[in-house]
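> Structure below; questions to follow.
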């Protein structure tokens, strides 16, 4: 459990955040506010200039850039003290986006354990249903090649199809038997109508004609795993992805919940 | 100290994770059963998301913003597109998101709150441009960078290579995340979007594995495609395998199959080698038109005139010319084969959509809801408006799909099929087509499986070359309709060669067809008929065949001339998307676009080369 807590990125984020807060507030001992243009900032200004103008700035230009930056910082500091930020929803929204961006970035690395996934699956089981999976054999009949399709089917059915199914029927570029084939895969090979029709017929006897995109088939279903709720093995990749998306949402929510505890949030009542 | 060790262990464990990931994927790939006779898989390799700056408006309209969304859509998830629930209906087998490499960094900044550059005034304006007019104004300003005299440049708000790399990583991560060997294949890919003298010389770049560069090579680095190939050569030296897939030759202004380098020098062996090595197929058809042939220059091809997007010529001075079309290009390539022993235009045929809505592989005519964000988002705009700088929206089509013949659905197997050109393209329906050639193939096949076994044993499949044939080759062809779609009308073989005078020649042969029709006294095959009810936009499969199979032996084959053949499969007539649109919205049919179309599939060619003479 303790290990889990240590791995919680949200926790890291909060801890680092409060450390920063304490650090910043403890250094802020002087009464006079400071505006510092760091060497890093100067380098950045120079680089930006170079990129847009395709040359390095002259000394005068660099001085102007620095002066601009000083003014921007001063104006901002002063504006904050005047309470201008308070009512500016654009600035507020921007800060919020930055915080959520950092938060999301730290959550990106979550690697759920198998237990996590198991729990997740249990609580969301309805979202993960598996359509029927079959083992079946079939005989293809191409209506274009028979003057009387029904007569041909009757003739086929009078044989012992269990033995002859591989050698009767019409030519098709398709296997005559399938094991472990999903409903989606059947639809891909035979058309969506066929996969639907298959679900309605009973097991362990030759049945048909069943319509497909190519004609009709006599079908023998050897085995069928009916529609069911998925197991972890069946949907692990998808679960992993959904878990992360969900974790991201939850983290944002609990981040705000946490903040709501740290702050006294009041919504004033209307009259 | 504690912090440091924590970070180190974190880094180590991520590396370990990545390693086990790679191992388990190899194992998964290995365990998928192979079919030596190969299966057909359908997918697409040309699609934009919000990481393409020109698609961003589309994204605000559709809600599909990033590669992850596009892969979900391709896998069949229902997404909200332009405010409505929309789904591809049936999943693709493989897909590659290909955002324009030129401005992926800027796009990343634009859509990622907190990312460097997000706050720039221009990207703010972009996000705030809500009306179509405002968006076009923004785009007008941006295109100054796009269409610089010396090629595209980064705008002032580009926040540096880091953003490009973050965007590229986003594309790679999505590809990794969605790869399910045996079920759904993804690729690391992007679009290199070079425009030279107004000609569209774009290429999609497709990597075989996850051994990848830090960032893609874009037209900002160079608009000269030979520089791109040289970069690809460097990637190969680092162990990558990578392909470039050109497209939209119909907008290439005669530069897609050139006689010279971009700087005007005549092309030489180096060019021939590079192009032949890296460009193994061409995207035949997409939203902005089918580039096989056009009626103006192919009067004798009665199936020409299919989704050619004729209003392309009204924009950007795109005068129609024969040299812009794929059939001309591949036959022209034979001349180089004779002269240099290398064919630079030895191209298989693949498909793609090029939709800028993030709706991967959304090619069904009865489900088309536009492809260019707000420009064609409603039935009204699709009927009346234009896709700026390109064409009239009513001239668009939903795009095409690639079919590949591969032993299994894995990244390696699908990529190799592209490399070997054992691929085909369909105008949307999942039609399957096989083509084999050889001196000793059995004629008049009656069993599809036997035909394929015979083809692989005694001949070659589509995409291959036969050198030094001594007698007439036989071709065997087979096609199967889309399981959920319309029946087939006919299979044709298109023969192209260069005669002794060095002139291009071609011939179209109807090989096999439905409904027991006979060739008439003019040598024409009568039309298959038409079941489309224009009032309801419905058709029936009462005509046509669900499967066609046959053979053709070319008695006119000249062993001394380089020659190629490809198959073309036609469906029976079905409603065009504009007809479905009209019926759905209770509007009259459009007068100047066809109400019905014959959808089709094209196989990659098979090439014949006379026995090599000593080169000069």
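> Residues in the stretch B:339-356 that are touching a residue at least 40 places away in the same chain (Cβ under 8 Å), over 18 Å from residue B:91 (Cβ atoms) and not in a strand (DSSP E or B): how many?
Looking only at that region, the number is 10.
> What number of residues in the stretch B:143-166 are crowded, with 18+ Cβ neighbours inside 10 Å and either away from every other protein chain (no Cβ under 12 Å) or free of Cβ contacts under 8 Å to residues at least 60 places away in the same chain (or both)?
Count: 10.
Table: residues versus (1) in contact with a strand residue (DSSP E or B) (Cβ under 7 Å, 6 or more places away or on another chain); (2) within 14 Å of chain B (Cβ to nearest Cβ); (3) closer than 18 Å to residue B:183 by Cβ.
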residue: A:179; (1), (2), (3): yes, yes, yes
residue: A:221; (1), (2), (3): yes, no, no
residue: A:245; (1), (2), (3): no, yes, no
residue: A:256; (1), (2), (3): no, no, no
residue: A:266; (1), (2), (3): no, no, no
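> Among the residues of the stretch B:199-234, what is the count of those that are at pLDDT 95 or above, in contact with a strand residue (DSSP E or B) (Cβ under 9 Å, 6 or more places away or on another chain) and assigned to a helix (DSSP H, G or I)?
3
> I'd like to verify a number: residues in the stretch A:115-144 that are more than 19 Å from the chain's Cα centre (by Cα) and farther than 22 Å from residue A:180 by Cβ, how many?
Final tally of qualifying residues: 5.
> Counting just the residues of the stretch B:536-547 that are more than 14 Å from chain A (Cβ to nearest Cβ) and in contact with a helix residue (DSSP H, G or I) (Cβ under 7 Å, 6 or more places away or on another chain), which one comes out nearest to residue B:451 (Cα to Cα)?
Once the filter is applied, the top-ranked residue is B:537.
> Oh, and also: Tally time: how many residues in the stretch B:548-563 are crowded, with 21+ Cβ neighbours inside 10 Å and more than 14 Å from every other protein chain (Cβ to nearest Cβ)?
Residues in the stretch B:548-563 being crowded, with 21+ Cβ neighbours inside 10 Å and more than 14 Å from every other protein chain (Cβ to nearest Cβ): 3 in total.
> So, in the stretch B:488-520, of the ones that are in contact with a strand residue (DSSP E or B) (Cβ under 6 Å, 6 or more places away or on another chain) and part of a loop (DSSP other than H, G, I, E, B), which residue ends up surrounded by the fewest Cβ atoms within 10 Å (Cβ to Cβ)?
Applying the filter and picking the extreme gives B:499.
> Taking the condition surrounded by 14 or more Cβ atoms within 10 Å (Cβ to Cβ), within 23 Å of the chain's Cα centre (by Cα), in a helix (DSSP H, G or I) and within 14 Å of chain A (Cβ to nearest Cβ), does residue B:171 pass?
No: the conditions fail for residue B:171.
> Taking the condition of being crowded, with 20+ Cβ neighbours inside 10 Å and farther than 15 Å from residue B:352 by Cβ, how many residues in the stretch B:288-310 meet it? Break it down stepwise before answering.
Here is the first cut: in the stretch B:288-310, the residues crowded, with 20+ Cβ neighbours inside 10 Å are B:288-294, B:306-309.
Subsequent filtering for residues that are farther than 15 Å from residue B:352 by Cβ retains B:293-294, B:306, B:308.
The total comes to 4.
> While we're here: Here is a list: B:448, B:406, B:479, B:472. Which entry is touching a residue at least 60 places away in the same chain (Cβ under 8 Å), crowded, with 24+ Cβ neighbours inside 10 Å, touching a strand residue (DSSP E or B) at 6+ places or on another chain (Cβ under 8 Å) and farther than 30 Å from residue B:25 by Cα?
Going through B:448, B:406, B:479, B:472 in turn, just one is touching a residue at least 60 places away in the same chain (Cβ under 8 Å), crowded, with 24+ Cβ neighbours inside 10 Å, touching a strand residue (DSSP E or B) at 6+ places or on another chain (Cβ under 8 Å) and farther than 30 Å from residue B:25 by Cα: B:479.
> Mind checking whether some residue in the stretch B:188-195 is more than 30 Å from residue B:39 (Cβ to Cβ) and touching a strand residue (DSSP E or B) at 6+ places or on another chain (Cβ under 7 Å)?
The answer is yes, given that some residue of the stretch B:188-195 is more than 30 Å from residue B:39 (Cβ to Cβ) and touching a strand residue (DSSP E or B) at 6+ places or on another chain (Cβ under 7 Å).
> Among B:566, B:580, which is the only one that is in a helix (DSSP H, G or I), in contact (Cβ under 8 Å) with a residue 60 or more places away in the chain and touching a helix residue (DSSP H, G or I) at 6+ places or on another chain (Cβ under 9 Å)?
Within the list B:566, B:580, the selection yields B:580.
> Same structure again: Quickly run through the stretch A:139-152 and pick out the residues that are touching a strand residue (DSSP E or B) at 6+ places or on another chain (Cβ under 6 Å) and away from chain B (no Cβ under 14 Å).
A:139 - this is the single residue of the stretch A:139-152 that is touching a strand residue (DSSP E or B) at 6+ places or on another chain (Cβ under 6 Å) and away from chain B (no Cβ under 14 Å).
> Using the structure shown, decide if residue B:80 is touching a strand residue (DSSP E or B) at 6+ places or on another chain (Cβ under 8 Å), more than 14 Å from every other protein chain (Cβ to nearest Cβ) and modelled with pLDDT under 90.
Spelling it out, residue B:80 is indeed touching a strand residue (DSSP E or B) at 6+ places or on another chain (Cβ under 8 Å), more than 14 Å from every other protein chain (Cβ to nearest Cβ) and modelled with pLDDT under 90.
Okay, residues lined up against (1) in the same structural domain as residue B:246 (by TED's automatic domain parsing); (2) assigned to a strand (DSSP E or B):
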position: B:409; (1), (2): yes, no
position: B:419; (1), (2): yes, no
position: B:437; (1), (2): no, yes
position: B:444; (1), (2): no, no
position: B:452; (1), (2): no, no
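> While we're looking at this one, here's another question. Can residue B:113 be described as over 30 Å from residue B:415 (Cα atoms) and within 14 Å of chain A (Cβ to nearest Cβ)? So that I can check it myself, show each step before the final result.
On the way: over 30 Å from residue B:415 (Cα atoms): yes; within 14 Å of chain A (Cβ to nearest Cβ): yes.
Considered against the rule, which asks whether it is over 30 Å from residue B:415 (Cα atoms) and within 14 Å of chain A (Cβ to nearest Cβ), residue B:113 comes out as yes.
> Moving to a separate point now. Hey, among A:168, A:210, A:235, A:216, which residue is part of a helix (DSSP H, G or I), in contact with a helix residue (DSSP H, G or I) (Cβ under 8 Å, 6 or more places away or on another chain) and either away from chain B (no Cβ under 11 Å) or in contact (Cβ under 8 Å) with a residue 60 or more places away in the chain (or both)?
On the way: A:168 fails: part of a helix (DSSP H, G or I); A:210 fails: part of a helix (DSSP H, G or I); A:216 fails: part of a helix (DSSP H, G or I).
Just one listed residue meets the conditions, A:235.
> Would you pick out the residues in the stretch B:270-286 that are outside any helix (DSSP H, G or I) and either more than 15 Å from residue B:231 (Cβ to Cβ) or outside the structural domain of residue B:352 (by TED's automatic domain parsing) (or both)?
Correct list: B:280, B:281, B:282, B:283, B:284, B:285, B:286.
The values are calculated or read from the model by the stated rules, or taken from the named source; none is laboratory data. Here the structure is a predicted model, which means the values were calculated and not measured. All Cβ positions, glycine included, derive from the backbone under ideal geometry; neighbour counts span all protein chains shown.
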